[in-house]
Amino acid sequence: MQNNIERRKRITLTSKEISELFAEAIITIILLIIVNIAMLFIISSIIDSTPALNDAIFASRKSFVENLNSDIFLNGKNILIPLFLMMDVAFLYWRLIRRYRQMQLRHIISELHYIAEGNYDHRIPFELRGDLNRVVSSINGLVDSTVAAIEEERRIENSKDELITNVSHDIRTPLTSIIGYLGLIEDRQYHSEEDLLKYTHTAYVKAKQMKSLVDDLFEYTKVRQPSVPVNILKFDMVQLIEQLAADFELEASKKNIVVETATRPNQIMMDGDTEKLVRVFNNLLTNALKYGKGASKIIMEAEKVGTEVVITVKNNGKMIPKKSLDSLFDRFYRVEESRSQETGGTGLGLAIAQSIVALHGGYIYAKSTPKWTSFIIHLPLTRNKLPDSANNS
C-alpha cells in the first residue's frame with residue numbers, strides 16, 4: 001500500500017488528449033489572429049480619427065528615436081505586433097495549461113472511481129504540482145484513514161465474536177457440570193446423603209465459577225467504557241499498599257508466602273480512584289498467590305519518580321515464558337489453559353487491571369526472569385478531574 005504512494009509518476013496523456021490539446025492550440029491561435037487584426041484596425045481607426053492623439057504618438061516616437069538612436073519606433077507596428085505577440089503567447093500558454101489541468105483532474109477522478117469500486121489497496125500515484133498535488137495527497141490520506149477505520153471495525157467485530165465464543169465456552173463448561181449433577185439429584189441417582197452433599201457441593205462450586213466469570217465480564221465491559229465514572233480523590237499510595245499487604249497476609253501465610261512492602265519516600269500523595277486501584281492490586285496479588293508456583297515472597301514496591309509513581313508487584317515464583325508476556329493482558333488469555341479448571345480463573349483479571357490503569361492515564365506491563373516475575377504500573381501523581389457530566393453519565 002505504501003509502495004503505491006512512493007512510486008509517484010507523472011500523468012501520461014493519451015493520444016486523444018494530445019489531439020485535444022493540439023486542436024485547442026489551433027483554435028486559440030486562429031481566434032487570437034482574428035482578435036489581433038481587429039485590435040489593430042480599431043487602434044488605427046481611433047488614431048486616424050483623433051489628430052491630437054496622432055500628434056502625441058508621433059511626438060513620442062520621435063523622442064524615442066532621438067534618445068535611443070534607433071528608427072525602429074518610427075513604425076507603430078514595430079511596437080504593437082511584438083506586444084500583441086507576447087500577449088498571445090501568454091494567453092495561449094494559459095489556455096493550454098488550463099486544459100492540461102482539466103485533463104489531470106479527469107485522470108484523478110478516474111483513479112478515485114477505481115478506488116471507490118472497492119480497490120482500497122490502490123493509491124493515486126501521480127506526481128503533480130500546486131493545488132492538485134494537495135488534492136491527491138488529501139485523497140490518499142482519506143483512503144488510508146478509511147482503510148484503517150474498516151480494518152479497525154473488522155478487528156472490533158472479530159473481537160466481539162471472540163468474546164462471545166470465549167464467554168460461551170467458559171460458561172458452558174461449569175453449566176454442563178451443574179446440570180449433570182443436579183440431574184443426578186433430580187433422578188435420585190445417589191446412594192447416600194454423602195453422595196447428595198458431594199453433588200450439591202460440586203454444583204455450588206461450579207455456580208460460583210460462573211458468577212465469578214459474569215462479575216469479571218461485567219467489570220471488564222464497564223471499565224472499558226470511555227464514560228465510566230472515575231471518582232478522583234487525593235490519597236497516600238504508601239498507606240494503600242501497606243493496607244493491601246496486611247489484607248493478604250493471612251491468605252499468603254497459608255501458602256508459606258511472605259508479603260512485603262518497600263516504598264520511597266514514606267508518603268506518596270496522589271490523585272486516583274482508590275476503589276478501582278484496589279481492584280488492580282487485588283488482581284495482581286491474587287494472581288501472584290494462585291499462579292506464582294514455588295514462590296516464597298511477594299513484594300509490593302512504590303517509588304516516586306518525577307511526576308509519577310511506579311508501583312511494582314513481584315514474586316519469586318515460576319518464570320512466565322517470554323512468548324506469553326505480550327499476551328498477558330489480553331482478555332481470557334491464560335498462560336496455562338488448565339488453570340481455568342484448577343483455580344476457577346476467568347482470564348479477565350489482568351485485562352481489567354490494564355483498563356483501570358489506562359483510565360488513570362497510566363500504563364502497566366510485565367517482566368519475568370528466573371528470579372522475579374514483576375508487574376510494573378506507572379501512574380501520574382496528579383490527574384485532571386473529569387467534568388461532572390462525564391462522572392454522572
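Listing for the model above:
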quantity	calculated
Three-way shape call for the range 110-150 based on the alpha-carbon gyration tensor, with the a/c threshold at 1.5	oblate
Aspartates and glutamates whose Cα lies under 15 Å from that of LYS222, excluding same-chain neighbours fewer than 8 positions away	ASP273, GLU275
Inter-label distance for ALA149 and THR176, nm, one decimal - labels placed 7 Å from Cα along Cα-to-Cβ	4.3 nm
Reference-scaled alpha-carbon Rg (2.2 N^0.38 Å with N residues) for the range 199-324	1.22
Farthest toward positive dipole pole in the range 83-137 [+1 Lys/Arg, -1 Asp/Glu at C-beta], among HIS107, VAL135, PHE84	PHE84
Members of LYS293/LYS314; LYS208/LYS276; LYS208/LYS293 lying beyond 20 Å, as alpha-carbon distances in this model show	LYS208/LYS276; LYS208/LYS293
Across LYS206/LYS254; LYS234/LYS255; LYS160/LYS255; LYS198/LYS297, pairs whose alpha-carbon gap is larger than 28 Å	LYS234/LYS255; LYS160/LYS255; LYS198/LYS297
Kirkwood-Stokes translational diffusion coefficient of the range 168-255, alpha-carbon pairs, 25 °C, 0.890 mPa s, µm²/s	145 µm²/s
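Read-outs throughout are calculated quantities, based only on the coordinates presented, and are distinct from any laboratory measurement. Because the structure is predicted, anything quoted here is derived from the model rather than measured. Neighbour counts run over all protein chains shown; Cβ positions are idealised from the backbone, glycine included.
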